[in-house]
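The values are calculated or read from the model by the stated rules, or taken from the named source; none is laboratory data. Fair warning: this is a prediction, and the values are worked out from it, not measured in the lab. Virtual Cβ from ideal backbone geometry, glycine too; neighbours counted across all protein chains shown.
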Amino acid sequence: MSELPLRAQFAAALGKGAASLSRATGRGDGSVIGGKIALKVEPELLTKLARGKRLALVSATNGKTTTTRLIASALREFGDIATNEHGANMPTGHITALGANPEATVGVLEVDEKYLPGVLRDTRPAVVVLMNLSRDQMDRASEINLLAKKWREALQLSETHVIANADDPLVAWAGLGARNATWVSAGQRWKEDSWCCPECGGHLKREPDPYWECPECGLRRPETVWAVDNARDTVTGPGGAAMTLALNLPGDANRANAAIALATAAAYGITPEVALPRLREITSVAGRYTSVHTQGVEVRLLLSKNPAGWLESFAVLDPAPVPVILSVNAQIPDGKDTSWLWDVDYTVLRGRRVFVMGERRTDLALRLETDDVAFETADRVDAVVAKLKSERPDAAKVDVIANYTAFQQIRTAYGRVQ
Amino acid sequence: MSDTSSRLRIVWIYPDLLSTYGDQGNVLILRRRAEQRGIPTEIVHVHSSDSVPVEGDIYLLGGGEDRPQILAAERLIADGGLKRAAARGACVFSVCAGYQIIGETYGDDDDKPLPGVGIIDIRSGRGATRAVGEIVADVDPSLGVGRITGFENHQGRTAIGAQATPLSTTVKGIGNDDHTEGAYQGQVLGTYLHGPALPRNPALADLLLRWRVGEIPPLPPSWGETLHEERLAAAL
Ligand SMILES: [Zn+2]
């Protein structure tokens, strides 16, 4: 902190005070309001706070909160890490995170996709970590082809090192703008937003998965040095030996997040042998993947905000006959347009007990009816659990998949579980 | 139905370029409402590297981002299949970006007019503001569809030429120009409505089926009618 000019010191202190006040009054976790006040006093505060820190910026449509958390854990070797663990991923949140840890020499910042070019310019990070791009909240988010183009242009002007998923063509094309890159084969289950070449628009040839190339302009997947093997639950790094992941977070999406985190840790000089045990310690991230025990039933909470996320969640459901509750809202943070429900294939839920909930459960009901999936409507998770218990006293588990505000409502009903 | 087959052929054009807003829903509902009436269907996916078959019954084009929209228009014009199918009298149901590119011209991101496929007499450009939100409109009474609901998300403004007819009068939302929404000419129909439009408006899906197979029996109420009523009540 002592290296900061006086005005920036004052602004950062003021921001911290406002953040504590916001937390104390229960109006939020304070990440945004503190940064807002600080930015008013010192517009270049982000640049000043970032100076002298080795920063990693983490951006993607899905998994950025989890991956930020994984990387921060892997880098604990360096002592205090400046990180926006509450997911406040715009510059005001970055200012709060950096201001709260003035002594930290390392920072890991989750960055909203749209803000990445600006934050990249303002903070001159050591590494930029890019995982995936897919359709998300189309009524207010930027078009992803445009986002990829802006990422690419910003990387072309920067000295940063990119660590990116080579299996996502849009992400790879953006990352190819950087001078230095470490490519990770992290997989891509949802392919509906990347059938066309980001360079020329040609229809990509995508076989054998995860390889891809454009028959029209020759753009192709870069050579990778890190790779996930989902079937074997391993990751292979530059050393060439396969390491078992054995994470406590479920699913292929988290294997991808972990591989990216290991590659990032390696860029900081932390070996997978040191980093992996730390990744395994994490069992939930801000309520995601957490289990609540109620009426003798384990209720597992899965957050999914868009079609790619729903596909990943379907893949980690406990096997049938474990019932599943789907809950969808359409408030501003969710996106007001529920059209995306039709991008997901629900036939995998056939033969399972399914409940639909949330403010837009009628949209879900029609969607499931169209895919010939039997379902019941419900108002609350507790009511579903009580019903299951009354029918079968040995009922032990329920999975819940919910989009953003629906997830927060359920999480709040159980006391903001972590 | 097409003379070459006893099945209703539903051709989904360029799902790799124009399928950003749940457009698959329109395909699924058409198939379901046809098959519930005993009409067998065949779904054909045409990728942007494929040529468009001419013998389809109903062609669907969805929404897309600016760049994929331009690519789709260029490829459709070069291919020529959709234009020949429309000339044969096929039904075309097109949404948002797809609606704009089947017209005479549409605007790119600098509002420079680009040529469309030219199967409906409309011209689209860019408005000063983006139209985003729930939309409600009353369909031309001669089509027997009634009030429709959807979600619009576009910057386009569309002028309807002499050969085409506005699909509906807007009750809430922007649509073509704050007054009308969508357009049709023969069996070529376009709209800005997402939601997607056919699941949210079963009567509109049935209009397309009627155009192809004549009178069809009513179906028992589905969640589609419930959703239709719910969204109307929420929007007005
Ligand atoms: Zn290409």
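Just a few scattered comments:
- All of A:Ala386, A:Ala395, A:Ala378, A:Ala402 fail the test of being touching a helix residue (DSSP H, G or I) at 6+ places or on another chain (Cβ under 7 Å), away from every other protein chain (no Cβ under 14 Å) and more than 26 Å from B:Leu198 (Cα to Cα), apart from A:Ala395.
- When B:Arg67, B:Arg32, B:Arg84 are checked against the criterion of being charged (D, E, K, R) and more than 27 Å from A:Gly202 (Cβ to Cβ), a single residue qualifies: B:Arg32.
- The stretch A:392-408 residues that are of a type in the set (Ser, Thr, Tyr), paired with ones that are in a helix (DSSP H, G or I) (beta carbon under 9 Å, 6 or more apart): A:Tyr404/A:Pro333; A:Tyr404/A:Asp334; A:Thr405/A:Ile332; A:Thr405/A:Pro333; A:Thr405/A:Asp334
- If you check A:Val356, A:Val348 for being β-branched (Val, Ile, Thr) and more than 13 Å from chain B (Cβ to nearest Cβ), only one passes: A:Val348.
Residues checked against (1) more than 11 Å from chain B (Cβ to nearest Cβ); (2) of a type in the set (Ser, Thr, Tyr); (3) within 14 Å of A:Val228 (Cα to Cα); (4) more than 21 Å from the chain's Cα centre (by Cα):
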position	(1), (2), (3), (4)
A:Asn165	yes, no, yes, no
A:Val171	yes, no, no, no
A:Ala178	yes, no, no, yes
A:Val184	yes, no, yes, no
A:Gly187	yes, no, yes, no
A:Cys200	no, no, no, yes
A:Glu207	yes, no, no, yes
A:Tyr211	yes, yes, yes, yes
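- Residue in the stretch A:329-336 that is among the aliphatic types (A, V, I, L, M), in contact with a Pro (Cβ under 7 Å, 6 or more places away or on another chain), modelled with pLDDT of 95 or more and not assigned by TED's automatic domain parsing to the domain that holds A:Gly63 present: no
- Of the strands (runs of 3 or more DSSP E) entirely within the stretch A:247-361, those holding at least 1 residues that are touching a residue at least 60 places away in the same chain (Cβ under 8 Å) occupy A:291-294, A:297-303, A:324-327.
- Test for A:Leu247: is it of a type in the set (A, V, I, L, M) and more than 16 Å from the ligand (Cβ to nearest atom): yes
- Check on A:Gly240, within 16 Å of the ligand (Cβ to nearest atom), surrounded by fewer than 16 Cβ atoms within 10 Å (Cβ to Cβ) and outside any helix (DSSP H, G or I): no
- Here A:Arg288, A:Arg280 are screened, and the one residue that is among the basic types (Lys, Arg) and farther than 30 Å from A:Arg367 by Cα is A:Arg280.
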